[in-house]
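Data first, discussion second: the structure below is written as structure tokens.
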Amino acid sequence: PGGSGLEKVFWGKKEVLMPVYSSLEEAASHYPTAALMVNFASARSAFPSTMIALDIPTIQTVVVIAEGVPEHDVRLMIKKSKMLKKNIIGPATVGGIQGGAFRIGDTAGTIENIVSCGLYRPGSVALASKSGGMSNELYNVVGRHTDGIFEGIAIGGDTFACTTLAETVLRFQQIPQVKVIVVLGELGGVDEYAVCDLLKSGQVTKPVCAWVSGTCATMFKTEVQFGHAGAKSGEDTTSAAAKNNALKAAGAHCPTSFDTFGELIGEVFTKTTGIKVTPGDHIPVAGFPTAQEVAQRLFDLKIRKGTNIISTISDDRGDEPKYCGIPISQVVSQKSDLGSVISLLWFKKSMPSWATKFLELCIILTADHGPCVSGAHNTIIAARAGKDLVSSLCSGLLTIGPRFGGAIDEAGRLWHTSINSNMAPYDLVESMKQKGIPISGIGHRVKSIHNPDKRVELLKDYAAESFPDTAYLKFALQVERITTQKGANLILNVDGCIGALFLDCVVNSKCFSKKEIDELIEIGSLNGLFVLARTIGLIGHVYDQKRLKQSLYRHPWDDVLYGNDDEMMGGY
């Protein structure tokens with residue numbers, strides 16, 4: 001709950017990636033054609049999540065699985081769904097199924113049971129049941145005695161069902177493919193009498209086979225509460241026997257007991273359609289798999305194997321590799337620059353040329369900053385110790401962090417948070433001062449307002465010429481105006497400038513949602529630019545030392561302050 005990302009799931013023998021969204025609204029916005037929502041939330045949270053779903057225009061039906069939703073909440077759900085002319089199935093339902101199409105919830109049980117009941121292809125019988133467990137039993141009964149289920153719905157066994165048996169039966173009446181309707185009620189409540197009224201009034205003309213379970217309640221001397229909240233013996237009119245008699249009097253076909261219900265359904269089906277079914281045989285349907293084909297598919301499912309790695313940025317199968325779905329020949333033919341490749345492989349986007357050129361400019365300007373910075377220094381020492389290229393490179397890269405190069409991420413996060421929270425530049429400076437935390441992206445050991453960093457100037461010039469807008473850079477420069485009043489070297493450094501312009505770049509590229517921008521900052525995309533750029537320079541330092549055949553480096557002792565005698569320690 002509240003998570004997001006991608007989950008691996010099997011679709012037949014093949015694994016696919018299922019997107020996960022942190023909110024129902026976000027999921028609906030990505031899939032505007034999805035009209036049904038299955039709500040697996042607990043009884044505690046089923047009500048608010050259902051009300052949210054009803055407010056989403058594209059969602060027309062909500063299936064509420066949870067049992068025990070408070071009756072007051074259910075009444076409010078019913079009222080709102082009727083007002084919006086939407087449907088709710090449940091609560092306390094296992095869902096429903098349409099033969100050969102799809103199922104909602106966990107109705108019909110395992111895939112093996114679905115196959116044994118013939119639900120892999122459509123039939124001509126529709127089932128409306130209060131009980132989820134008994135509906136699973138009836139799928140088997142109907143599958144053995146007819147050509148199978150066209151649609152089955154368990155409306156739910158709580159006291160109040162958002163969609164009634166009568167409403168479901170009336171909908172089945174309007175479906176041409178349905179030839180026979182099967183109704184399974186239970187003692188308690190008066191919903192079955194509404195079905196009687198439909199039959200008497202002629203609104204339902206298709207044959208209805210019905211049974212109300214709970215006839216054993218008469219064997220008990222006191223009122224009995226069965227499994228469902230709505231299934232309890234009480235008044236004579238709500239007893240199973242009374243409702244069975246009423247349904248039979250209204251014209252429904254009712255057995256003498258549940259034991260003979262299957263045979264009765266088969267007889268009514270044969271009389272209505274002229275089709276006689278041998279129990280257990282599944283009649284083939286054109287356009288749908290046969291029983292033998294389904295058996296083979298089931299076998300294939302048993303030997304399927306899950307993958308160990310997920311990759312969404314490249315594919316080396318086929319005639320040529322692909323970068324984010326684009327063949328490399330196409331990447332080359334489009335005269336793509338390095339920034340375009342970064343855009344595809346890092347961000348899975350085809351960003352505009354001004355944006356990719358900015359990414360490339362960042363690489364050029366930060367590729368190296370001389371031999372004295374910590375990363376280059378470490379690389380040089382490792383190379384002079386005889387280490388190979390990869391080892392020497394890693395020695396330098398491992399110095400990248402909050403104090404060296406890694407400030408781009410933190411600076412970008414600071415600018416992003418400040419603007420999104422409408423914080424004024426002065427308030428940001430004061431807030432960081434009170435916390436005693438330096439402002440990432442502000443300050444330089446050598447450069448100052450009197451001796452500006454040329455790299456920052458070049459970045460600002462390119463942004464002024466090419467960027468549609470530079471809101472984040474403007475904010476960072478306002479912070480700089482405040483900080484330089486306190487110290488000439490408290491300027492916007494290259495880390496802070498790249499952090500601000502990176503945000504301006506992704507926002508104005510129109511390629512990223514707000515959530516995607518947040519994710520870019522969270523996963524360290526900005527530091528990636530520095531790591532990639534500085535790798536070029538560090539490799540250069542390795543080659544430079546190798547060409548110069550420099551010997552093992554030993555730091556001179558006169559460049560070390562040894563604090564291990566009384567004189568140096570000041571008597572401490």
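The values are calculated or read from the model by the stated rules, or taken from the named source; none is laboratory data. Computed from a predicted model, the values in this text were never measured in an experiment. Virtual Cβ from ideal backbone geometry, glycine too; neighbours counted across all protein chains shown. For the accessible areas, the whole protein counts, side chains as well, though only heavy atoms, and no ligand, DNA or RNA atoms are used. Shrake-Rupley method; radii C 1.70, N 1.55, O 1.52, S 1.80 Å.
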*For the stretch 55-75, name all the residues that are assigned to a helix (DSSP H, G or I) and within 18 Å of Gly95 (Cβ to Cβ).*
Val74
*Could you check, for the stretch 523-537, whether at least one of its residues is charged (D, E, K, R), assigned to a helix (DSSP H, G or I), at pLDDT 90 or above and open to solvent by 20 Å² or more (accessible area, probe 1.4 Å)?*
no
*Single match in Val62, Val9 (criterion: touching a residue at least 24 places away in the same chain (Cβ under 8 Å), open to solvent by less than 70 Å² (accessible area, probe 1.4 Å) and out of contact with any Lys or Arg (no Cβ under 7 Å at 6 or more places or on another chain))*: Val62
*Right, Leu127: assigned to a strand (DSSP E or B) and open to solvent by less than 30 Å² (accessible area, probe 1.4 Å) or not?*
yes
*Which of the residues belonging to the stretch 92-113 are of a type outside the set (Lys, Arg), surrounded by fewer than 20 Cβ atoms within 10 Å (Cβ to Cβ), in contact with a strand residue (DSSP E or B) (Cβ under 8 Å, 6 or more places away or on another chain) and farther than 18 Å from Glu167 by Cβ?*
Asp106
_Looking at (1) in contact with a strand residue (DSSP E or B) (Cβ under 7 Å, 6 or more places away or on another chain); (2) assigned to a strand (DSSP E or B); (3) farther than 22 Å from Ser131 by Cβ, which one does Gly3 not meet, given that it meets all the others?_
(2)
*Under 6 Å between Cβ atoms, at least 6 apart or on separate chains: pull out the pairs that start in the stretch 412-429 with a residue that is within 15 Å of Ile482 (Cα to Cα) and end on any residue that is among the polar types (S, T, N, Q).*
Pro425/Gln478; Leu428/Ser418
*Qualifying positions in the stretch 164-177 - crowded, with 18+ Cβ neighbours inside 10 Å, in contact (Cβ under 8 Å) with a residue 40 or more places away in the chain and assigned to a loop (DSSP other than H, G, I, E, B)*: none
*Since Leu127 meets every condition but one in (1) at pLDDT 95 or above; (2) in contact with a Lys or Arg (Cβ under 9 Å, 6 or more places away or on another chain), which condition does it not meet?*
(2)
*Kindly provide the set of residues from the stretch 65-91 that are free of Cβ contacts under 8 Å to residues at least 12 places away in the same chain and either open to solvent by less than 50 Å² (accessible area, probe 1.4 Å) or among the hydrophobic types (A, V, I, L, M, F, W, C) (or both), ordered by number.*
Met83
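Would you confirm, using the coordinates I've provided, whether Ile342 is of a type outside the set (D, E, K, R), open to solvent by 40 Å² or more (accessible area, probe 1.4 Å) and either part of a loop (DSSP other than H, G, I, E, B) or out of contact with any Phe, Trp or Tyr (no Cβ under 8 Å at 6 or more places or on another chain) (or both)?
no
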_Looking at the stretch 459-468, can you tell me whether even one residue there is within 40 Å of the chain's Cα centre (by Cα), surrounded by 17 or more Cβ atoms within 10 Å (Cβ to Cβ), part of a loop (DSSP other than H, G, I, E, B) and touching a residue at least 24 places away in the same chain (Cβ under 8 Å)?_
yes
